[in-house]
Amino acid sequence: MTADSKPRTAQARGLDAGLDALPRGIEPERDLWPSIEARLEPRGERAGRRWFWPAAAAVLLVAGSSLVTAVLLHRDEPLVARQQSANGPVSYAAAAFGPGQTLDPTYAAAREELARTLSARIDRLPPGARRKLEQNLAELRRASAEINAALELSPGDPLLEELLLSTYQEELAVLASVNQLTGGNGAGPIDATRMQL
Amino acid sequence: MTEHGGGSEFERARRAAEERALVDSAKRGSKAAFEALYHNHVGKVYGLCLRMTAHRATAEDCTQEAFIQAWRSLPSFESRSAFGTWLHRIAVNAVLAHGRRTRERLGSEGSAEDEAVALADPTVADDGTIVDLEAGIRRLPAGARQALVLVGLYGYSHEEAAGLLGIAVGTCKSQVHRARQLLGERLDASEVTQ
């Protein structure tokens, strides 16, 4: 042991002892319970997590975006209008994200509406586009299940919440884009110009 | 086993059973049970928040956020870990989320602000050397302080603390090392000047 390391070791021991001696608990100077209690929603009437409100707003913004179009519909895919898929309808219920009770009602309603419209239009997508849509939704579904499982272990984790929010947004962007690309009202032909974005 | 040891073991088991019952009741919606859990745990949660943030008002906010988040997430709590451990994790997340919001709002890295706040806030009253050590921790740079508080005070492993703080394990170790070094220097300096 060198002369320099001797006092350092003693110092480290002193520091460890000091840290051990510190009380782990410190009582707050004022009672925080009344403020907490005022913000506790009754069980079963929860209005949803606050961060899903901005999610719904963000979805409105991305709904008009053509970003997902490039993923869903490749330029080289043949355009086949109203082709019935041999695989049956895409399952939207399976693409639900997270425990239902955590969804903001406005967000959930917007998602349901998009899913309903999409259901009527999916058969108008070219087979390749439909395949990609199914892959995208399955991937988002897997990701959200993993994030939700992690969130159960670590509630309030900001990174996980951000990831989950992003996954929700992506799902709605996919649903919104399909709606947009297949004509908007469900009656007309596929808009080839928009599909080739 | 001595009578005393058996007695404490019995006491621990009784407290654990009582806490499980409170958690179950709170899960079913009992605010009274949740209030009892609050009173049992607020000291440690606030202590953790205060030492991580080095600011009393922020620590109070984070403590409140942690309990509110815990109430919301309680239905999914499966007792794989102790309620206290789970709650502390929520509190750490509340502190980190608060720091992130503050940085976003101010558009700064936050460490300078943290440092200024720490220096300006002479709270955390205690006595003797504890005051020195508490003050020393409070004056550490945010990254070093948070790593030291989690690892050195609250018993998290470097891996757990790194995961919570969103940093590499090596970074966590070097932050703790830096914190200890700075604390040692400052405590030495304070002894010299006293």
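The values are calculated or read from the model by the stated rules, or taken from the named source; none is laboratory data. Remember, it's a predicted structure, so these values are computed and weren't measured experimentally. Cβ: placed from backbone, ideal geometry, glycine included. Neighbour counts: every protein chain shown.
Could you please tell me which pairs satisfy a Cβ distance under 7 Å, a separation of 6+ or placement on different chains, a first residue in segment B:141-162 that is more than 17 Å from A:Ile26 (Cα to Cα) and more than 11 Å from chain A (Cβ to nearest Cβ), and a second residue that is assigned to a helix (DSSP H, G or I) and basic (Lys, Arg)?
Taking only residues 6 or more apart or on different chains, the pairs are B:Ala144/B:Arg178; B:His158/B:Lys173.
Pairs only if they're at least six apart or on different chains, beta carbon under 6 angstrom, first in segment A:133-158 and in contact (Cβ under 8 Å) with a residue 60 or more places away in the chain, second among the hydrophobic types (A, V, I, L, M, F, W, C); list them, first residue then second.
Sorted first by the residue in segment A:133-158, then by its partner, the pairs are A:Leu133/A:Leu72; A:Asn136/A:Val174.
For segment B:98-131: of the residues being surrounded by 19 or more Cβ atoms within 10 Å (Cβ to Cβ) and modelled with pLDDT of 80 or more, which is nearest to B:Asp24 (Cα to Cα)?
Step by step, filter segment B:98-131, then rank; the result is B:His98.
If we keep just the residues of segment A:118-151 that are within 27 Å of B:Trp86 (Cα to Cα) and surrounded by 18 or more Cβ atoms within 10 Å (Cβ to Cβ), which is nearest to the other protein chains (Cβ to nearest Cβ)?
A:Leu151
Those residues that are in a loop (DSSP other than H, G, I, E, B) and either at pLDDT 90 or above or under 30 Å from B:Ile68 (Cα atoms) (or both), I need them from segment A:1-37; list them, please. Please lay out each step first, then the result.
So the first thing to find is which residues in segment A:1-37 are in a loop (DSSP other than H, G, I, E, B), and the list is A:1-4, A:22-32.
Of everything in segment A:1-37, those that are in a loop (DSSP other than H, G, I, E, B) and either at pLDDT 90 or above or under 30 Å from B:Ile68 (Cα atoms) (or both) turn out to be A:Leu22, A:Pro23, A:Arg24, A:Gly25, A:Ile26, A:Glu27, A:Pro28, A:Glu29, A:Arg30, A:Asp31, A:Leu32.
Can you name the number of the only condition in (1) surrounded by 21 or more Cβ atoms within 10 Å (Cβ to Cβ); (2) within 21 Å of B:Gly143 (Cβ to Cβ); (3) in contact with a Cys (Cβ under 9 Å, 6 or more places away or on another chain) that B:Asp61 fails?
All conditions pass for B:Asp61, except number (1).
Cβ-Cβ distance below 8 Å, separation of 6 or more or different chains: which pairs start in segment B:81-103 with a residue that is more than 10 Å from chain A (Cβ to nearest Cβ) and end on one that is in a loop (DSSP other than H, G, I, E, B) and at pLDDT below 90?
B:Phe83/B:Phe77; B:Thr102/B:Gly110; B:Arg103/B:Glu109; B:Arg103/B:Gly110
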